[in-house]
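Following: one structure in structure tokens, then a few remarks.
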Amino acid sequence: MHHLSDDDDEVCLTACPQIPINTGEPSIARVYDAVLGGKDNFAVDREVAVKFVEVPGAGEMPFDNRRWLARVTRWLVGEAGIRQIIDLGSGLPTTSSIHQFAGQVAGDVRVVYVDNDPIVLAHGRALLVENDRTTVVTADVRDPDSIFTNPDLRALIDLEQPFAVLLASVLHHLPEGEDQRVAAELRAYLHSGCYLAIANFHDPGPSDPRARGIETALVEGGLGSGWVRPWPQHRMYFGGLDLVEPGLCPVNEWKPDAETPTDSPVHHLYLGGVGYHP
Ligand SMILES: C[S@@+](CC[C@H](N)C(=O)[O-])C[C@H]1O[C@@H](n2cnc3c(N)ncnc32)[C@H](O)[C@@H]1O
């Protein structure tokens with residue numbers, strides 16, 4: 001994890017004066033950025049990040065998740081022929097972003113990033129200023145209708161054509177019940193040829209108490225969300241969609257490549273899957 005001094009906080013605030021950043025409370029996007037070693041975080045965020053990485057192995061999870069997203073994106077573009085991607089709860093561009101993973105396979109993929117944290121919009125706009133196939137929308141995943149009717153999204157994504165929705169590390173920040181409602185409302189927008197990729201914290205039960213440790217570090221450590229859930233609840237997110245092989249599994253077991261760690265101590269604490277609307 002990257003450690004910054006308070007001086008660094010001043011530098012970022014000066015560089016982004018137009019963004020209403022609340023540095024008094026941690027934000028999910030900034031805590032995640034801190035764990036990934038980014039610079040767009042503040043002391044309140046790093047306090048939560050430190051509690052999270054104190055759980056043995058937890059610091060690896062965001063990296064496992066990003067590598068999973070890279071493999072899923074390349075598979076969607078290369079194997080499934082997807083040319084439209086909606087990345088919900090996209091986060092800050094701390095590491096390579098979805099349009100870059102897609103661009104490794106094809107040059108004509110359109111990507112819409114959606115997040116409810118205004119810091120994501122500001123950084124995303126700066127990053128994507130010269131890319132007319134990619135945009136950033138500020139919206140809340142708890143209101144899928146507002147996302148699919150957003151004019152900026154509709155300008156890039158033809159909802160009549162196949163598209164993929166990515167929803168990585170977002171549902172575990174929604175309380176019990178709200179996660180299933182949102183997943184169901186998102187599925188309702190999919191039609192034949194569309195995909196839904198989801199990854200979240202997994203609670204395997206008493207066999208690994210670190211799962212509860214992760215939840216405590218985030219929920220009680222200042223963030224107020226970050227719940228771990230058992231496998232059946234993850235499976236319900238996909239409803240009646242077909243699951244692309246190998247199904248819903250620890251992220252490092254989903255179509256691993258040469259860069260996928262085989263010795264991760266925590267990868268069974270993070271489940272990912274890709275649903276397909278036949
Ligand atoms: C842990 S980060 C994950 C980033 C990225 N999807 C990934 O997996 O690498 C979760 C992101 O979801 C966003 N988020 C959380 N709740 C959200 C909501 N209700 N609507 C939109 N975005 C949300 C946060 O702001 C944050 O950027």
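The values are calculated or read from the model by the stated rules, or taken from the named source; none is laboratory data. Predicted model only: the values in this text are computed from it and were never measured. All Cβ positions, glycine included, derive from the backbone under ideal geometry; neighbour counts span all protein chains shown. Ligands, DNA and RNA are stripped out before the accessible areas are found, and what is left, the full protein with its side chains, is counted by its heavy atoms. Shrake-Rupley method; radii C 1.70, N 1.55, O 1.52, S 1.80 Å.
If you go through region 50-71 and pick out every residue that is open to solvent by less than 10 Å² (accessible area, probe 1.4 Å) and more than 11 Å from the ligand (Cβ to nearest atom), you end up with 1.
Under the condition of being open to solvent by less than 50 Å² (accessible area, probe 1.4 Å) and either within 15 Å of the ligand (Cβ to nearest atom) or part of a helix (DSSP H, G or I) (or both), the residues counted in region 119-133 number 6.
For region 172-185, indicate whether the set of residues that are in contact (Cβ under 8 Å) with a residue 60 or more places away in the chain, within 16 Å of the ligand (Cβ to nearest atom) and of a type in the set (S, T, N, Q) is non-empty. No, there is no match, as no residue in region 172-185 is in contact (Cβ under 8 Å) with a residue 60 or more places away in the chain, within 16 Å of the ligand (Cβ to nearest atom) and of a type in the set (S, T, N, Q).
Out of all the residues in region 134-160, which are more than 26 Å from residue 172 (Cβ to Cβ), touching a strand residue (DSSP E or B) at 6+ places or on another chain (Cβ under 9 Å) and part of a helix (DSSP H, G or I)? Those that are more than 26 Å from residue 172 (Cβ to Cβ), touching a strand residue (DSSP E or B) at 6+ places or on another chain (Cβ under 9 Å) and part of a helix (DSSP H, G or I): 152, 155, 156. Annotation: of all residues in region 27-49 being more than 11 Å from the ligand (Cβ to nearest atom), of a type outside the set (Asp, Glu) and open to solvent by 10 Å² or more (accessible area, probe 1.4 Å), the one that is modelled with the lowest pLDDT is 39. Evaluation of residue 22 against the conditions (1) under 25 Å from residue 271 (Cα atoms); (2) at pLDDT below 95 shows that the sole unmet condition is (1). If I filter region 219-241 for residues that are over 19 Å from residue 79 (Cα atoms), among the acidic types (Asp, Glu) and over 18 Å from the mean Cα position of the chain (by Cα), do I get at least one hit? So far as region 219-241 goes, yes, one or more of its residues are over 19 Å from residue 79 (Cα atoms), among the acidic types (Asp, Glu) and over 18 Å from the mean Cα position of the chain (by Cα).
In region 246-278, of all residues being in a helix (DSSP H, G or I) and of a type in the set (A, V, I, L, M), the one that is nearest to residue 59 (Cα to Cα) corresponds to 269. For region 72-117, filtered to residues that are part of a loop (DSSP other than H, G, I, E, B), touching a helix residue (DSSP H, G or I) at 6+ places or on another chain (Cβ under 7 Å) and aliphatic (A, V, I, L, M), the residue that is farthest from the ligand (Cβ to nearest atom) is 106. Taken over region 186-200, the criterion of being assigned to a strand (DSSP E or B) and either within 12 Å of the ligand (Cβ to nearest atom) or under 14 Å from residue 113 (Cα atoms) (or both) is satisfied by 197, 198, 199, 200.
Under the condition of being polar (S, T, N, Q) and open to solvent by less than 80 Å² (accessible area, probe 1.4 Å), which residue from region 146-168 is nearest to the ligand (Cβ to nearest atom)? Filtering first and then ranking leaves 146. Screening residue 195 against (1) open to solvent by 60 Å² or more (accessible area, probe 1.4 Å); (2) more than 30 Å from residue 43 (Cβ to Cβ); (3) of a type in the set (Ser, Thr, Tyr) leaves a single unmet condition, (1).
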